[in-house]
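Written out below as C-alpha cells is the structure these notes cover.
None of the figures in this text is laboratory data; all of them are computed from the coordinates on show. Small disclaimer: the values here were computed from a predicted structure and weren't measured.
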Amino acid sequence: MLQLGATFAFDDFGTGYSSQTHLRHFPVQCIKIDLNSVRKMLSDCDDFVILESVITLAKAFKREVIVEGVEAEERSRALLNLGCELIQG
C-alpha cells in the first residue's frame, strides 16, 4: 500500500492488451477480472481453467483479486473455492 493509503488495480485483466508481465512492472495491489472471463466459467471447462490460472498467478504475485459480474450464488461459491474473496455484482 502506498503512504497515501491509495491502492491501484488492473481493471479488466486478461482482456485486450493486458499482459501477465505487467504484474512484475507496475505497482498494482489488485487484479480486477472482467465479466467476460466469468460468464461461462461454470459451463466451459476451458474458461474455468483460464480463470483459475489468472487467480493463481495473481495470488503468486501477492495481489488481491476481484471479479466483476458475479450475480449468481453458484459462481460466487466457485470463486471462493478458487481463492477469490472479492466479487462485484
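Applied to region 66-71, the Karplus parametrisation 6.51 cos²θ - 1.76 cosθ + 1.60 on θ = phi - 60° returns per-residue 3J(HN,Hα) values of 10, 10, 9, x, 8, 10 Hz, with x for Gly and Pro. Phi angles across region 35-49 convert, under the Karplus curve 6.51 cos²θ - 1.76 cosθ + 1.60 with θ = phi - 60°, into 3J(HN,Hα) values of 3, 4, 7, 10, 3, 10, 4, 8, 10, 10, 4, 5, 4, 5, 5 Hz, Gly and Pro given as x.
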